[in-house]
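Written below as structure tokens is the structure these notes are about.
The values are calculated or read from the model by the stated rules, or taken from the named source; none is laboratory data. Note that this is a predicted model, so its numbers are computed, not measured. Cβ coordinates were reconstructed from backbone atoms using ideal geometry, including for glycine residues, and neighbour counts include every protein chain displayed.
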Amino acid sequence: MRSFAAFAIASRFDIVVETMTEQSGDRFAAGVDLFNAGRFFEAHEAWEQVWLRSTGNEKIGIQGLIQAAAAILHLERGNREGAYSLYEKACDKLVMLPQTYRELDIGELKGALKEFFDAASAAPRGSLPPRPKLRRINSTPD
């Protein structure tokens, strides 16, 4: 049988874990919104907070999202070499995520990133194609 003190500590721990999970989810969602708004640095920062609390393949996959955002930002700032290096690293890590992750179509994102970077390599400097977006997938049918 648990003592009252042990129960109180366990209850507080559950609340802290739940709060951290909620905050992590909020930061992840904020990162998606920022990415889709073209605010790649801010998306990177939001996702980094989630990445710090992640483990295993999820941690590696989130790092892939962070690197994808940073790669686009580097390209926007004219650093093509850095952009393509980060893009390759992002691709290597995004394979760790399932095709659908946190209600996002990761498979579609990988294709959109490839199209974006292929088109950007053929575009004149200073001219970039439309940025890729993360598409949300409803978890329940309409």
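What number goes with the only condition from (1) in a loop (DSSP other than H, G, I, E, B); (2) touching a Lys or Arg at 6+ places or on another chain (Cβ under 8 Å); (3) of a type outside the set (Gly, Ala, Ser) that Ile72 does not pass?
Only one criterion in (1) in a loop (DSSP other than H, G, I, E, B); (2) touching a Lys or Arg at 6+ places or on another chain (Cβ under 8 Å); (3) of a type outside the set (Gly, Ala, Ser) is unmet by Ile72, namely (1).
To keep it simple, each residue is scored yes or no on (1) buried (at least 19 other Cβ atoms within 10 Å of the Cβ); (2) under 21 Å from Asn138 (Cα atoms).
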position	(1), (2)
Ala90	yes, no
Leu97	yes, yes
Glu103	no, yes
Gly107	no, yes
Ala112	no, yes
Glu115	no, no
Asp118	no, no
Ser121	no, no
Gly126	no, no
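Filter the stretch 106-136 for residues that are free of Cβ contacts under 8 Å to residues at least 40 places away in the same chain, in a loop (DSSP other than H, G, I, E, B) and touching a helix residue (DSSP H, G or I) at 6+ places or on another chain (Cβ under 9 Å) and give the result.
Within the stretch 106-136, Ser127, Pro129, Pro130, Arg135 meet the criteria.
Of the residues Gly56, Gly25, Gly61, which is in contact with a strand residue (DSSP E or B) (Cβ under 8 Å, 6 or more places away or on another chain) and at pLDDT below 95? Give the steps one after another, and end with the answer.
Working: Gly56 fails: in contact with a strand residue (DSSP E or B) (Cβ under 8 Å, 6 or more places away or on another chain); Gly25 fails: in contact with a strand residue (DSSP E or B) (Cβ under 8 Å, 6 or more places away or on another chain).
One residue alone meets the criteria, Gly61.
Would you say Ala119 is under 22 Å from Ile62 (Cβ atoms), more than 14 Å from the chain's Cα centre (by Cα) and of a type in the set (Gly, Ala, Ser)?
no
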